Each structure stands twice: as C-alpha cells, then as structure tokens.
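Trainee: Questions regarding the structure given below will be posed in turn.
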Amino acid sequence: MFIQISKEELSRDLLKKAWYQTNNIIWTILFLYPLISIIDFIYMPDIWVQFLIVRIITILIIYTLYNFFRRKGLNYRILLHIAFVLLSATSAFMCNVVNINQLTIYFLVYAAILLFFNLQVFWEPINSVIESLVAIVLLAIFFNILNQNTLDQFVSNGGTFFFIVAALSCLIPSARYKVIERDVRNQILIEKSNDQLKSQNRDIVEKNEIIDRQYERLLKMDEQKNSFINIAGHDLKNIIGSITMSNNMIKEEEYRLSTDQKELVDYISESADKMTYLLNKLMDVKEIESPEMKFKMEIFDINTEVRHIFRGVSETAQMKNIHLIDNILKLPLNVRLDKVFTGQVFQNLLSNAIKFSQTNNNIRVVTNLQRQKFVFEIIDEGIPIGQAELDQMFNKLKALSEASDSQESRLGLGLSIAKLMTDEMGGELTYRSDDKGNYFRVEFNVIN
C-alpha cells in the first residue's frame, strides 16, 4: 500500500500545526505575562504599578492583533514577530530603568521569555535568529537612551547570561521544526492509511454480504440437489426392484434355460445388486458431503472381476466391430478393496475405451502382477484421443471439444470418477495418448 503526500496537503497540515502552537504561545502570554508584576512588586515596589500598566497594555495589544490575524487568516509568523517585539520592547525598557542591583533578575525574566518563545514556536530557524538580534538591538537602544551605568556593569549583572541564552535558544527551532514537520507528515500518512483501510473494510463488508447471499443460494440449491437425488434414487430403486423381481421369476424356471441364458441371468442379478449398492451410496447424503468416501472393503479375486467386466462389454464392442483381446491373467490375485467401486473403475475405463475407439480397431485388456502390485492395462492401437483432451477428462470433468467425423462426442465424467475412486482406494491410475494410440493403467496392492 503506497501512499503519496502532495505539497498542498503537507503545507495545509503544517499551517494547522503552526497555528495550534501560535494559539498556545499567545494564550500563555496573555495569562502569565501580567503575573510577572509580582516580581516587580517585590524588587521594584516604587514603580511596580507603572510596570503592571505597561504589561497589561502590551497583552491587550497582542490580544487585539491575535483576533485580527485569526479573522483575516494572515501569516502567523508576522503575528509572532509583532508579539515578540512588543514583549522585547517592554522587557528591554525595564532592564534599563531598574536599579543595577535588580538588573540580574530582569535579565533572567527577559531570557525566560526569549527561551519560552523558542521552545514553543513553530517556524524556520532564521526567524529566531532575527528575534534574538531584535532583542539585542532594543537593549542597545534603550541603554543609550535611559541607562546611566557603564556597559561593563550592564553586561556583568545578567547581561552575559542573557546573551548566552539568546544565542543558544536559536538552535532549538531548527530541531523542533524538523521534528514537528516529520510528525505532521506521519500523521497525514496515518490518516490516509486509515481512510484506505476504512475503504477496504467497506469493500470487504460488501463482498462478505455478497458471499453470504451466494451461500444462502448454494444452501437452497444443495437442498434441491439432495431432494432431486432422493426422488431420482427412489424411482431408480423401484425400476431395479422390478428388474430383480423379473429376473428372480426367470430363475424359478432355471431348468428351462440354456447355459448361456443362465449366465446372462446371473449377470443381470449381479449388475442389479451393484446398481442397488451404488444407489444407496448416492442417496446417503451424509456420505456424499463428507470429505472422504466410505468403502465396503472385502477380499476378492480381482482377475475374476476384470473377466466379468470384460464379458459385460464384449457385446458393446462387437456392435462397433471392435476386437477386444483378452490378456487377462488366469492366476487368482486377491486384493482388499471395495468390489463394486473397483469394478466400476474397470467398467468406466473399458467402456470409454470402446466408446472413443474406431471401427475395426483392436483393444487389448491386460492384467499382470508386478512387484506385489496388480496391474490393469488397456492398450488401444487406434487414433489417439490426445493428451490434452485426456487431461481434461481425467482432471476437470469438462466436456471435450466437438468431435470430428471419425470421433464421437465425449464427456470426461466417467474417467474422472474412475480416477477419483482409484485414488481414494489407495491405487494409482495413469494414462497416455500419443502416436502409438491410447494407454490406460491401474495399479492396486495385492494380498500375499
């Protein structure tokens, strides 16, 4: 967050600060300067009343000028110079009319006034130098006009101390001016930073309100989604129930069925059971919304499951005149996985391979054991799908670009689900598409 301060902003705030300090100086003088008459009463009892009148006249003039400068918005430096000249004139006058014995006291008072000015004033150092020179000039003028003492007597009775204070006090405004200017600059930065933070906070509040409204909409859509899933799930369960009931009625007449028909009946029964299992998972809203999928782990021969899936998609391949080559290992390999979801992984991969392949093409289904891992491979020697499109299908659940004349319209949802289920069950799914064709590989740990 970079903040810039313009010269106008800095000048405006410096002027405010200068007038604030000027107000403090003027009002301090108005209240305290008449009180110095107590010193007059103690050390100069014969003429203290005259000194008091002079002091009152001085502060009245200063007060009048102060109001005039405030109303007209004039330069505060001129006001301070006039006020100091008036105070210097009265103090220099009194230093030259008092007795030599009391001269030190009045020089101390004069030095205190000069030091107070330089400690409180906010202006450039040259102004303090001018004021010190004015004080010395006024002392010299009144000394020549009024004083009967020698210069040595005048200087030795407090004059030396006054001149030292006048010289040293000129150094104070230089450091004070830099410090106050830096403070003013920092104050502007803080105020601007606060304004920016307030603006950002308002933006955040507005965005939070938008997020809250979107969240409420998402909650409603989520409720609608859950309601739709339940309705669709129950309707599908009724259909599957009808299929299962019809299939069971056929089983009752099993003695009339041929071997192939019996195999088909068993396949229908097993597929219906798998569909029921998947529907129950789908309709379990808590499980859908949980961060991790829950599986029903069991030990089974994974090669047998692959052969079952292979037979199930064979007719689909024949309809497209695609040749499925069985290189499935005959050796039983036991794994501990969710049998239904594992079969769904192979089903999705093999179905998509057939769907994306071309007529008169060969697709090899291979299983083997490598380093205590079951390996399932699909090798398609046809036209490659394209690595970029496979990346979309497996990772982003997005529709692919429109198919050409030799390709079907495709959606990567089934492949994405296959990869998700493989990862969740601790397996690994890799794929490749290049000039040699398309290649899919799944690995699962086997049980000794």
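The values are calculated or read from the model by the stated rules, or taken from the named source; none is laboratory data. These numbers were taken from a predicted model, which means no experiment stands behind them. Positions of Cβ are generated from backbone atoms using ideal geometry, with glycine treated the same way; all protein chains shown enter the neighbour counts. Ligands, DNA and RNA are excluded from the accessible area calculation, which covers all protein heavy atoms including side chains. Shrake-Rupley method; radii C 1.70, N 1.55, O 1.52, S 1.80 Å.
Trainee: For a Förster distance of 51 Å, can you work out the FRET efficiency between the beta-carbons of K355 and K207, rounded to the nearest 0.05?
Mentor: About 0.70, to the nearest 0.05.
Trainee: With N denoting the number of residues in region 1-124, provide Rg(C-alpha) divided by 2.2 N^0.38 Å, to two decimal places.
Mentor: Taking N as the residue count of region 1-124, the ratio is 1.29.
Trainee: Working out 0.36 nm times the residue gap between L32 and I231, then minus their Cα-Cα distance, what length gain in nm do you get to one decimal?
Mentor: 62.5 nm
Trainee: Expressed as an acute angle from 0 to 90° and rounded to the nearest 10, what is the orientation of the C-alpha long axis of helix 76-97 relative to the principal long axis of the chain?
Mentor: 30 degrees
Trainee: Further question on the same structure: Just subtract the alpha-carbon distance of S314 and I243 from 0.36 nm times their residue separation and send over the number in nm, one decimal.
Mentor: Fully extending the segment from S314 to I243 adds 23.4 nm.
Trainee: Of all accessible surface on region 95-185 at a 1.4 Å probe, what whole percent is carbon and sulfur?
Mentor: 67 percent
Trainee: Now for a separate question. If eta is 0.890 mPa s and T is 25 °C, what Stokes-Einstein diffusion coefficient results for the chain, Kirkwood Rh from Cα pairs, in µm²/s? Walk me through the numbers before you get to the answer.
Mentor: Working: Rh = 32.0 Å.
The Stokes-Einstein estimate is 77 µm²/s.
Trainee: Given points 7 Å out from each Cα along the Cα-Cβ axis, report the N23 to L151 separation in nanometres with one decimal.
Mentor: A separation of 4.6 nm, rounded to one decimal place.
Trainee: Let me ask something else. Could you tell me the distance between the Cα centroids of region 149-164 and region 423-438, to the nearest Å?
Mentor: The distance from the Cα centre of region 149-164 to that of region 423-438 comes to 103 Å.
Trainee: Would you list, by chain and number, the aspartates and glutamates whose Cα falls below 18 Å from the Cα of K17, excluding same-chain residues fewer than 8 positions away?
Mentor: Straight-distance partners of K17: E8, E9, E124, E181, D183, E191.
Trainee: With label points built 7 Å along Cα→Cβ from the Cα atoms of T160 and I5, find their separation and express it in nm.
Mentor: 4.5 nm
Trainee: In whole Å, how far is the Cα centre of region 82-133 from that of region 1-40?
Mentor: About 19 Å separates the Cα centre of region 82-133 from the one of region 1-40.
Trainee: Before I look further, what does region 112-195 give for accessible area per residue, probe 1.4 Å, in whole square angstrom?
Mentor: It amounts to 54 Å² per residue over region 112-195.
Trainee: Past the 21 Å Cα-Cα mark, which pairs from K355/K436; K7/K198; K251/K274; K220/K296? Let's see the in-between values first.
Mentor: On the way: K355/K436 18 Å; K7/K198 24 Å; K251/K274 18 Å; K220/K296 31 Å.
From the list (K355/K436; K7/K198; K251/K274; K220/K296), the Cα-Cα distance tops 21 Å for K7/K198; K220/K296.
Trainee: What per residue convex hull volume, in Å³, comes out for region 9-60 when only alpha-carbon positions are used?
Mentor: For region 9-60, the hull spanned by Cα atoms encloses 64 Å³ per residue.
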